[in-house]
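Student: One structure follows; several queries about it will come next.
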Amino acid sequence: MNSNQAYFASDSDAYKLSPSYMGKCFEISKVLDGCKEKTYGVRDEYRVSGHAGQIMLDNIDIKAREYLRSDPVLWIPSKIWFELIRRVWEIQRTQMAIVKKNPPNLGILTGVLNHMLHSTTSTPIIYDSHVHESLTLLEYRNVLETAGMFFLQDFDLGSETCLEEVQQIDDVSVLALMGVNAKSQRNKAVERIDSWKNTGLEEVDYPIGCTPTWTQLQAAIANSPGMIMRPWSLSSRLFNAQLSVGRLIVMFTRQTWLMLMEDILKGIRPCPNSLPDTMRCWTTTSIDNTLASVAFEACNAGLQDNRGVTPGRMGPRSRAFGDRSVLFFPDPEASYQNHTQCSLLWNGDGYIAEFHRMMKTMDCDQQATLRQGLRDIFSEIHCLPASGARVWTQKNDAIVFTTNPAFYMIDCIGRAGDPQRNVTKAHRTMKLIKGKCIFAADLMDSQPFDADGNLRRKTERQKCQEIHKKITMTRKHKRVPPPPRPRMSRPFPMDVQEDVEGDVAMDFD
C-alpha cells in the first residue's frame with residue numbers, strides 16, 4: 001500500500017478464497033480504518049493538449065476564484081467517508097458465502113464482486129471479457145451516474161444463481177481463468193441443481209435423512225453445519241425481550257469476543273449494538289467468517305423420538321441451550337468465579353458484575369423474570385462456545401462451538417442399523433487414454449501429412465515396395481509347416497534273450 005501501484009488479488013484467488021485474497025481484503029480494511037482520523041484535500045484533474053493548456057493558464061487566478069465562489073466542493077467528514085470499510089467487509093463476506101454455496105456461475109459472480117473490491121481504492125481497468133459483459137448487463141455506467149457508486153440491489157443469496165441478469169453458468173473461458181479445479185466444481189453445482197429439481201424439497205428438508213444416526217449427525221455438523229442446520233431468523237420472542245435482558249446479552253457478546261487474540265481472527269471482531277445484531281454474531285456463518293479456525297460440535301439435548309426414546313449411544317446428556325444461560329450468567333456463589341478466563345468479568349465493568357448488581361436491586365419475582373428472559377434468549381441462539389468452567393475451549397488450533405439442536409433439520413436420532421440413505425455405488429473410472437501399443441498401431445495406420453497439412457504423395461518406388469511387402473507377408477502367412485515325422489520303434493534283440501535262458505538251464509542241471 002506504500003506504492004501507487006493498484007494491485008489486488010486475482011479473480012482466481014477470490015474464487016478459491018486463497019490466503020492472498022484474504023490478506024488483501026484485510027489490508028484494504030486496515031488502510032481505510034486508519035484514514036478515519038485524518039484530513040484530506042480535494043482536486044480536479046483535466047487532461048488537455050499543450051495549446052489548450054496555454055489558453056487555460058491565461059488569467060488562471062481569476063478563473064480559480066470564480067470557480068471556488070461557486071461552492072463546487074461538498075466537504076464530508078473523514079469518519080463518514082471512510083466508513084466504506086463496511087462495504088469492503090460486506091463484499092468479502094458475500095464472496096465467502098457464494099464460495100460456500102457454489103452456484104454454477106461462481107466465476108461470473110466472483111469477477112463482478114472482485115471488480116467492486118478493486119474499485120474501492122482505485123479505478124481498475126477491465127481486462128476480462130466476462131466481467132465487461134456482466135457489468136454491461138447490470139447497467140454499470142447508469143448506476144454510477146445515478147448513485148455515484150455501484151450497487152447490486154438484486155443480488156439474492158437464496159436463489160440458485162444469486163443474480164439473474166448475468167450469465168447463469170460459467171463457460172470454458174471463465175473456468176480457464178479460475179483455475180484447474182473450476183470445471184469439476186462447476187459440474188458439481190450443475191448436478192446439484194438438477195438433482196434438486198428432480199427430487200423436490202425432500203432432500204432440502206432432510207439433507208442427511210429424517211432419522212440419521214448420532215455418528216452421521218456428528219460428522220455433518222463437524223464438516224458442514226450450514227447443510228444440516230436451518231439458518232437463524234429473528235424470532236417473535238425476541239421482540240418481547242426486556243431491555244435489561246437485551247443489554248446483558250449485548251455486554252456478554254462484546255466482552256466474550258474481546259477475550260480472543262487478534263491472531264485467531266480473520267474478520268472483524270463482533271461488536272453489536274442491538275439484540276438482533278448480537279444474535280447474528282452467534283450464527284455459524286458469522287463465526288466461520290470471523291475466526292480463522294473453528295470446530296463445530298453436535299449437541300444431543302432434545303433429540304428423542306415421539307416415544308421419548310433416544311436410540312444409539314451418544315455419550316453424556318448435554319445441557320439444553322436454555323439451561324446454558326446459567327454457565328454464562330452464574331450466581332455470585334459459583335465455584336468458578338476465580339477462573340483466569342472470566343475472573344475479570346466478576347468485577348468492575350464486567351457483564352457478570354452488572355448482572356449481579358441488577359439482581360440485587362430486584363425482588364424474587366423480578367429475578368425469576370430476568371433469568372427466564374435469559375433462558376429464552378439462549379434457547380434461540382444458533383451456537384455457543386463449548387463452555388464449562390472455561391468460557392472458550394480450544395481443540396488443537398481451533399475454537400470449539402456447540403450447535404443448537406433446535407435448528408437441526410432432522411426428526412430424531414435413528415438406530416445404527418436403520419438404512420438412512422442409498423449407498424452410492426462404486427464408480428469405476430473410465431479409461432480415456434489408449435495404451436502405448438494400441439496408439440503406436442493406430443499411428444502407423446493413420447494417413448501421413450506433410451508440413452502444409454496435405455497428404456503425402458508416394459513415389460512409384462515406395463508403392464512397389466509396399467506391394468512387395470504385402471505379397472511377402474501374404475505368402476509368409478500361407479506357408480504351412482511340414483507334418484512331423486513318425487518315430488520308428490526299434491526291435492528287441494531276441495538272440496540275447498535265448499542266451500540268457502540257456503545259461504539259467506545249465507545252472508539247474
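Student: Quote the convex hull volume per residue of the range 76-170, based on C-alpha atoms, as a whole number of Å³.
Tutor: Values: hull volume 9.4 nm³, N = 95.
Each residue corresponds to 99 Å³ of Cα convex hull volume.
Student: Dimensions of the range 341-390 along principal axes (Cα, Å, largest first)?
Tutor: Largest first, the range 341-390 extends 32, 28, 16 Å along its Cα principal axes.
Student: Please report the equivalent ellipsoid semi-axes of the range 57-107, computed as sqrt(5 x eigenvalue) of the Cα gyration tensor, largest first, in whole Å.
Tutor: Taking √(5λ) for each Cα gyration eigenvalue gives 46, 15, 7 Å.
Student: Moving to a separate point now. Using label points projected 7 Å from each Cα along Cα→Cβ, tell me how many nm separate Arg69 and Gln394, to one decimal.
Tutor: Computed distance between label sites Arg69 and Gln394 equals 6.8 nm.
Student: Still on this structure, please answer the following. Report the extension gain between Ile80 and Phe150 in nm, rounded to one decimal, defined as 0.36 nm multiplied by the number of residues separating them, less their alpha carbon distance.
Tutor: Additional length available on full extension: 23.4 nm.
Student: Run the numbers for His132 and Val172: contour at 0.36 nm per residue of separation, minus the present Cα-Cα distance, in nm.
Tutor: 12.8 nm
Student: At R0 = 41 Å, how high is the FRET efficiency between Phe239 and Ser18 if r is their beta carbon distance? Nearest 0.05 is fine. All intermediate terms of the calculation are to be shown ahead of the outcome.
Tutor: Details: r = 42 Å, r/R0 = 1.02.
Step by step, r from the Cβ atoms, then E = 0.45.
Student: Report the far tail of the P(r) of the range 1-155, meaning the percent of Cα-Cα pairs longer than 22 Å.
Tutor: Percent of Cα pairs beyond 22 Å in the range 1-155: 54.
Since every read-out is calculated from the coordinates, none of them should be taken as a lab result. Since we're looking at a predicted model, the values are computed, not measured. Quick reminder, even Gly has a Cβ in these numbers, built from the backbone with ideal geometry, and neighbours come from all protein chains shown.
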